[in-house]
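Okay, structure first, notes after.
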Amino acid sequence: MQFDETYKNWLIFLKDRIRSAQLKAATSVNKEMIMLYWDIGKSIIEKQKEHKWGSKIVDNLSKDLKNEFQHTNGFSRTNLFAMRKFYLFYKDYSFEIVHQIGEQSAKTPLVHQPGGQLPPHSILCKIPWRHHVLILSNIQSCNDAIFYMEQTIRNNWSRNVLELQIDSKLIERSGKALNNFELTLPKPMSDLANETLKDPYTFDFLTLESNVQEIELEKQLIDNITKFLLELGKGFAFVGRQYPLVVGNKERKIDLLFYHTKMHCYVVIDLKTGDFEPEHAGKMNFYLSAVDDMLKSNVDNPTIGVILCKSKNKFDVEYSLQDMNKPLGVSEFTFKELPESIKSNMPTVSELENELKKLL
């Protein structure tokens, strides 16, 4: 395929641009790479529009760039189309990231307007290119893409973890738990607590029977503590399972106790394998009072309670939280149920008891 002088001059320009970026990349690899890919995607779009070049121009450009930069990855046909899509996806987006600095806030534009140049402080420059490719392949909305970028930066997610969070539809679950945080916690802690909770929580790393008992669910979660903490989110530090509290000479045990390093408070989690019932909130209120009295220090914030249940009625939860003065959230959880083919081959409790009797 033959091209005129316009293409040759454009190719020379891009080669110079690439060499320049490679020199700067020694001190800021990812930022320079993202800005370079933005410029290449922008340039492809502009040249295709200006000279009415079709998609074959990308094939030719890929071949020429790979010949020129034989020891540099990233100029495959697929990646050049990803750069093109990258620019198209964000070029008209005027979203501004607001950063809190002390008592003042500063706005960081995603893209400088007009002109469509990508500033080095853009959030787009703060995650690796392969993360961008994953987001572009799975996300349709710029707002949703920004959400996953911010979460990646905040939690230092690898590409595999980001893929897991996208697959689990984190954006649809984040901040959706029913709670009374706005009434029981001061700002900005109430906002952080609300953002921290999800609904539902997905424990797809567990495969259990539908009628699993709470003690078994609790054990399985702790046996898979790394994946459990990943689903809970950054900041949760595990304190104990069946954590004992002695109140009035009687010992009671909390299902799961955590400490949240960002909110600086204890978090009590109560597991319910059935429907949410109003009395669950009363029991949690007791636990929160006890933890605040026995474990909370002067520098800790009020203890937060989280009830995880198999299902809930919105009105039951709202009425239960209405006059409660302790911070509490209620969420559902899901897990993988054992297939029917496996269930049918598993012995029942009575069958196991009969076999044990025979052995004895």
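Return the total of residues in region 216-239 being exposed (fewer than 13 other Cβ atoms within 10 Å of the Cβ) and closer than 16 Å to Leu271 by Cβ. Full working, then the answer.
Narrowing region 216-239 to residues exposed (fewer than 13 other Cβ atoms within 10 Å of the Cβ): 223, 225-226, 237.
This time we only want the ones that are closer than 16 Å to Leu271 by Cβ, so: 223, 225.
Looking only at that region, the number is 2.
Among the residues of region 233-267 satisfying the criterion of being charged (D, E, K, R) and not in a strand (DSSP E or B), which is nearest to Gln151 (Cα to Cα)?
Of the residues in region 233-267, the ones charged (D, E, K, R) are 234, 241, 250-253, 255, 262.
Checking which are not in a strand (DSSP E or B) leaves us with 234, 262.
Working: Lys234: 10, Lys262: 15 Å.
Result: Lys234.
If a residue must be of a type in the set (D, E, K, R), loosely packed, with under 13 Cβ neighbours inside 10 Å and either without any contact (Cβ under 8 Å) to a residue 40 or more places away in the chain or not assigned by TED's automatic domain parsing to the domain that holds Tyr90 (or both), how many such residues does region 45-58 contain? Break it down stepwise before answering.
Narrowing region 45-58 to residues of a type in the set (D, E, K, R): 46-47, 49-50, 52, 56.
Of the ones still in play, those that are also loosely packed, with under 13 Cβ neighbours inside 10 Å are 49-50, 52, 56.
Those still in the list that are either without any contact (Cβ under 8 Å) to a residue 40 or more places away in the chain or not assigned by TED's automatic domain parsing to the domain that holds Tyr90 (or both) too: 49-50, 52.
Residues in region 45-58 being of a type in the set (D, E, K, R), loosely packed, with under 13 Cβ neighbours inside 10 Å and either without any contact (Cβ under 8 Å) to a residue 40 or more places away in the chain or not assigned by TED's automatic domain parsing to the domain that holds Tyr90 (or both): 3 in total.
Tally the residues that are out of contact with any helix residue (DSSP H, G or I) (no Cβ under 6 Å at 6 or more places or on another chain) and among the charged types (D, E, K, R), restricting the search to region 113-162.
2
Looking at region 21-51, which of the residues that are of a type in the set (Val, Ile, Thr) and either part of a helix (DSSP H, G or I) or touching a Leu at 6+ places or on another chain (Cβ under 9 Å) (or both) is modelled with the lowest pLDDT?
Here is the first cut: in region 21-51, the residues of a type in the set (Val, Ile, Thr) are 27, 29, 34, 40, 44-45.
Those left that are additionally either part of a helix (DSSP H, G or I) or touching a Leu at 6+ places or on another chain (Cβ under 9 Å) (or both): 29, 34, 40, 44-45.
Numbers: Val29: 68, Ile34: 92, Ile40: 95, Ile44: 95, Ile45: 94.
Among them, the one singled out is Val29.
Among residues belonging to region 331-360 that are of a type in the set (Val, Ile, Thr) and either touching a Gly at 6+ places or on another chain (Cβ under 9 Å) or not in a strand (DSSP E or B) (or both), point out the one that is modelled with the lowest pLDDT. Outline the logic, then answer.
Taking region 331-360 as the starting set, the residues that turn out to be of a type in the set (Val, Ile, Thr) are 334, 342, 348-349.
Cutting the leftovers down to either touching a Gly at 6+ places or on another chain (Cβ under 9 Å) or not in a strand (DSSP E or B) (or both) gives us 342, 348-349.
Numbers: Ile342: 45, Thr348: 51, Val349: 51.
The selected residue is Ile342.
Suppose we filter region 160-189 for residues that are under 19 Å from Phe203 (Cα atoms), touching a strand residue (DSSP E or B) at 6+ places or on another chain (Cβ under 8 Å) and outside any strand (DSSP E or B); how many remain?
Residues in region 160-189 being under 19 Å from Phe203 (Cα atoms), touching a strand residue (DSSP E or B) at 6+ places or on another chain (Cβ under 8 Å) and outside any strand (DSSP E or B): 6 in total.
Is there a residue in region 145-154 that is out of contact with any Leu (no Cβ under 6 Å at 6 or more places or on another chain), among the hydroxyl-bearing types (Ser, Thr, Tyr) and surrounded by fewer than 14 Cβ atoms within 10 Å (Cβ to Cβ)? Before the answer, list the steps.
Taking region 145-154 and keeping what is out of contact with any Leu (no Cβ under 6 Å at 6 or more places or on another chain), we get 145-151, 153-154.
Next, from what is left, pick out any that are among the hydroxyl-bearing types (Ser, Thr, Tyr): 148.
Still in the running and surrounded by fewer than 14 Cβ atoms within 10 Å (Cβ to Cβ): none.
No, region 145-154 contains no residue that is out of contact with any Leu (no Cβ under 6 Å at 6 or more places or on another chain), among the hydroxyl-bearing types (Ser, Thr, Tyr) and surrounded by fewer than 14 Cβ atoms within 10 Å (Cβ to Cβ).
Starting from region 67-89, take each residue that is in the same structural domain as Ile18 (by TED's automatic domain parsing) and under 16 Å from Trp129 (Cα atoms) and list its partners that are acidic (Asp, Glu) and in a helix (DSSP H, G or I), counting only C-beta distances under 9 angstrom and pairs at least six apart or across chains.
Phe75/Asp64; Phe75/Glu68; Arg77/Asp59; Leu80/Asp59; Met83/Asp39; Tyr87/Asp39
The values are calculated or read from the model by the stated rules, or taken from the named source; none is laboratory data. Everything numeric in this text was worked out from a predicted model, so none of it was measured. Note: ideal-geometry Cβ built from the backbone for every residue, glycine included; neighbour counts use all protein chains shown.
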